[in-house]
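Participant: Sharing a structure below in structure tokens format, with a few things to ask.
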């Protein structure tokens, strides 16, 4: 018997609340249609004048100010790009003299003017 009253209670509840839900949905539909027509009529003259329909919010203004200040900061300080060159490992023997370029224990070679010879480069023609 309790199951019967439970089902009857739900039925009566649905019968009572269905018209209320339908009325709420009808008002929501009318409000949406009214808003659509109103915004369309409002936006056409503003669009033709070249204006904006929506005003920027405080958040939009703050973000725009931050972006402008960041752009100015970037324009003031150019980015310094540091590129690391290749690592070159050079073996320098102990006792090397960089001024003469002589290795340790080597006898220095001194060239006199008479020993210098001029080299002529002759280009050979490739035979095909």
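Any read-out appearing in this document is the output of simple, stated calculations on the displayed coordinates, not a laboratory observation. Here the structure is a predicted model, which is why all the values come from computation and not from measurement.
Participant: Using 0.36 nm per residue of separation minus the Cα-Cα distance, give me the extension gain between residue 8 and residue 59 in nm, one decimal.
Facilitator: 13.0 nm
Participant: Could you work out how much longer the chain between residue 29 and residue 44 gets when fully extended? Use 0.36 nm per residue separation minus the Cα distance between them, nm to one decimal.
Facilitator: 3.1 nm
Participant: Further question: Could you state the principal axis extents of the C-alpha atoms in segment 32-104, from the largest down, to the nearest angstrom?
Facilitator: That works out to 98, 25, 23 Å along the principal axes.
Participant: Over all directions, what mean area does the Cα convex hull of segment 1-71 project, stated in square nanometres?
Facilitator: 9.9
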